[in-house]
Amino acid sequence: MGEAIANASLMWREFAGKGNAAGKYLRPIIFGQPRRAKGFEVALRRKGFLARGDYLVPAPGQRLNKYGNLTAARYRQILSTLGASSDATQNQTARSASRNPRRKAYFYARKGSNLHPGVYERARSGAIKPVLIEVKQPVYQRRYDFFGISEAFVRRQLPISLRQAMNRAMRTAR
């Protein structure tokens, strides 16, 4: 049985029909690597807001989802307000902004301004609150023992699965 485990391999899907393939977001926490640029960061780079090598992280005090990020709707709203959406019809214009005065106003503070570089929200009262702050490329620590957990699962499950397969083969062979 030990030899069978040594010759087995366990991999994740490299392509995803929707969303991100598992390898793209698992590699940094399995191997302890730098984080890849997220889609909204790529869009902001394309528009000239974010420099190469800079990344954005949620500012302290922001409401985050269970994965530690802003919601997808909030990212879309930020891209729309900054005119960085990949679909030009989704970008906010002066006319669309006037139709919805309660919609949050976002702006990008660049290096050299009085604010730390990043995305800020301006309230109707004029108060300014950071939403995303610019940082250098984050490097994740190894947090997920993918290979250790996988090996333990195979050691635990292989004898059970092998016994079930043998019983099924013996029943159908009669």
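The values are calculated or read from the model by the stated rules, or taken from the named source; none is laboratory data. Because the structure is predicted, anything quoted here is derived from the model rather than measured. Cβ coordinates were reconstructed from backbone atoms using ideal geometry, including for glycine residues, and neighbour counts include every protein chain displayed.
In region 52-74, how many residues are surrounded by 10 or more Cβ atoms within 10 Å (Cβ to Cβ) and either in contact with a helix residue (DSSP H, G or I) (Cβ under 7 Å, 6 or more places away or on another chain) or not small (G, A, S) (or both)?
12
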- Task: State all residues of region 41-90 that are within 13 Å of the chain's Cα centre (by Cα) and small (G, A, S); if no residue qualifies, say none.
- Result: G68, A72
- Item | Filtered residues of region 6-29 (kept if among the hydroxyl-bearing types (S, T, Y), more than 30 Å from P130 (Cβ to Cβ) and not in a loop (DSSP other than H, G, I, E, B)) | none
- Task: Take the residues in region 117-142 that are among the hydrophobic types (A, V, I, L, M, F, W, C) and under 30 Å from G32 (Cβ atoms), then tell me which one is surrounded by the fewest Cβ atoms within 10 Å (Cβ to Cβ).
- Result: V139
- Quick check: is even one residue across region 151-162 among the acidic types (D, E) and either closer than 30 Å to R63 by Cα or outside any helix (DSSP H, G or I) (or both)? no
- So S150 fits all but one of (1) modelled with pLDDT of 90 or more; (2) under 28 Å from the mean Cα position of the chain (by Cα); what number is the exception? (1)
- Which one of the conditions (1) surrounded by 10 or more Cβ atoms within 10 Å (Cβ to Cβ); (2) assigned by TED's automatic domain parsing to the domain that holds G61; (3) modelled with pLDDT of 90 or more does N114 fail to meet, given that it meets all the rest? (1)
- Query: Can you name every residue in region 30-42 that is in a loop (DSSP other than H, G, I, E, B) and more than 15 Å from Y75 (Cα to Cα)?
  - Reply: G32, Q33, R35, R36
- Message: Here are the criteria: (1) surrounded by 10 or more Cβ atoms within 10 Å (Cβ to Cβ); (2) farther than 30 Å from E41 by Cα; (3) at pLDDT below 90. Tell me which single one A173 does not satisfy.
- Response: (1)
- Out of all the residues in region 43-68, which are within 16 Å of V135 (Cβ to Cβ) and in a helix (DSSP H, G or I)? L44, R45
